[in-house]
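Values in this text are rule-based calculations from the coordinates and carry no lab data. Here the structure is a predicted model, which means the values were calculated and not measured. Positions of Cβ are backbone-derived with ideal geometry, glycine not excepted, and every protein chain shown enters the neighbour counts.
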Amino acid sequence: MNEVNTAIKKAEQIFKETKNLFSQKRKVIFNILLETNQPLSAYEITERYQNKTNGKIAPMSVYRIMDLFITLNLVHKINSLNKFIACAHIQCQHAHDLVLLICQKCSSITESHFKQNNADDVSDQIIPKGFKLSTTPWEIQGICSACQVEIS
């Protein structure tokens, strides 16, 4: 079974466990996110959905679906880009803080994780006393290794 099918099966299980309906529309949208290696905006997802199904969907409906996917830990929102990407570690069941490494050149996204105590150590180093981080995932922008090779 390939990675996309494995992720779909895991999503089906999560939807069933949480008593949510994994409708055909949600499945197609999740599949669109799984098939791309780039983050997509709600409007890009809408366009791909309409091309794939010849059906209509409003961007607002896509936003609502993304909210549900985020709640179920199936998708991450990249706030700095206002785009979405499927979680690369859908089957991960341990506690960690997510870090998204965003390449400013090719727009690739790499997921990285901090164990909770390591994330707390980082917070203690960079955040003034009394200030608590309220958003995850953390987003770090830079240049990926592939683009660094191209630059050299």
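Taking loop as defined by DSSP and a crowding limit of 10 other beta carbons within 10 Å, which GluC sites (Glu not before Pro) in the range 22-73 fit? Walk me through the numbers on the way to the answer.
On the way: sites: Glu35, Glu44, Glu47; in loops: none.
When the GluC sites (Glu not before Pro) of the range 22-73 are filtered for loop state and at most 10 Cβ neighbours within 10 Å, nothing remains.
May I ask which of Lys56/Lys105; Lys10/Lys105; Lys25/Lys105; Lys56/Lys77 have a Cα-Cα span longer than 29 Å here? Each step should come with its number before you reach the end.
Working: Lys56/Lys105 33 Å; Lys10/Lys105 32 Å; Lys25/Lys105 32 Å; Lys56/Lys77 23 Å.
Cα-Cα > 29 Å for Lys56/Lys105; Lys10/Lys105; Lys25/Lys105; rest within.
Pick out, in residue order, every one of the trypsin sites (Lys or Arg not before Pro) in the range 19-106 that is DSSP loop and has at most 15 other C-beta atoms within 10 Å; say none if there are none.
Values: sites: Lys19, Lys25, Arg26, Lys27, Arg48, Lys52, Lys56, Arg64, Lys77, Lys83, Lys105; in loops: Lys19, Lys56, Lys105.
Of the trypsin sites (Lys or Arg not before Pro), the ones in loops of the range 19-106 whose Cβ has at most 15 other Cβ atoms within 10 Å are Lys19, Lys56, Lys105.
Amide H of His113: which non-local residues (sequence gap of 5 or more, or other chain) have their own amide H closer than 5 Å, using H built in the peptide plane?
The list, which skips near neighbours in sequence, is Val99.
Amide H to amide H, which residues 5 or more places from Ser41 or on other chains are under 5 Å from it, using H placed in the peptide plane?
The list, which skips near neighbours in sequence, is Phe84.
Which value in Å is the Kirkwood Rh of the range 3-86 over different Cα pairs? Don't skip to the answer; put the middle values down first.
Numbers: mean 1/r = 0.0783 Å⁻¹.
Taking the inverse mean of 1/r over all distinct Cα pairs, the range 3-86 comes out at 12.8 Å.
Starting from 0.36 nm per residue, how many nanometres of slack lie between Gln24 and Asn54 once their C-alpha separation is accounted for?
So the extension gain works out to 9.4 nm.
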